[in-house]
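The numbers here are math on the coordinates, done by the rules we state, and not lab data. Small disclaimer: the values here were computed from a predicted structure and weren't measured. Quick reminder, even Gly has a Cβ in these numbers, built from the backbone with ideal geometry, and neighbours come from all protein chains shown.
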Amino acid sequence: MKVNEIMTKDVVSVDQNTPLSKAVKIMADKDIGAIVVQIEGPAFGIFTQHDLLTRVVAPGKDLETTKIKDVMTQSIKCAQAEDDVEDVLRVMYQENVRYLPVMDKRKLVGIVSTADLFKFTFRASEGYAEEVI
């Protein structure tokens, strides 16, 4: 199965100069654990719940005055839409990440999360169980 079959296609993003208070509110309102950060050029960053804990809450940064670009993860790996799910799972495990942006060549088309992978694994095991029975 290809990653574009299990990814979340509705990617939520904010500008790099967005205050953390606004970004965190968006994440809470949409019940998401990561948000893509648009930066100059074709590149982008990502801000996750883990970043919130380790780079904001623990050091006591101010949500109103801190910009998301100052606490986001900048150098991120991406999957390609046609990558096999198993390969993406391996990359996420090796890199110890919970979210991986998905590209179609150079265009962002989705994001895959550990939750997406859990659903895929569960459905696959259900299918296997049905075949055995």
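Apply the Karplus parameterisation 6.51 cos²θ - 1.76 cosθ + 1.60, with θ equal to phi minus 60°, to every residue of the range 107-115 and state each ³J(HN,Hα) to the nearest whole Hz, in sequence, with x for glycine and proline.
These are the phi-based 3J(HN,Hα) values: 10, 6, 10, x, 9, 10, 10, 4, 4 Hz.
Sort Met1, Met7, Met27 by Cβ crowding within 10 Å, fewest neighbours at the top.
Taking fewest neighbouring Cβ atoms as first place, the list is Met1, Met27, Met7.
Hey, could you pull the Cα Rg and Dmax for the range 3-132, both in Å?
15.9, 57
At 222 nm, what value in deg cm²/dmol follows for the chain if DSSP H runs of at least 4 each add -39500 (n - 2.57) and the sum is divided by all its residues, to the nearest 500?
After summing the helix terms and dividing by the residues of the chain, the value is -10000 deg cm²/dmol.
Within the set Lys22/Lys77; Lys30/Lys67; Lys77/Lys119; Lys61/Lys119; Lys30/Lys105; Lys9/Lys67, which residue pairs have Cα atoms separated by over 30 Å?
Lys61/Lys119
Quick one: putting +1 on the C-beta of Lys and Arg, -1 on the C-beta of Asp and Glu, what dipole do you get for the range 3-132 around its Cα centre, in Debye to the nearest 20?
It works out to roughly 580 debye.
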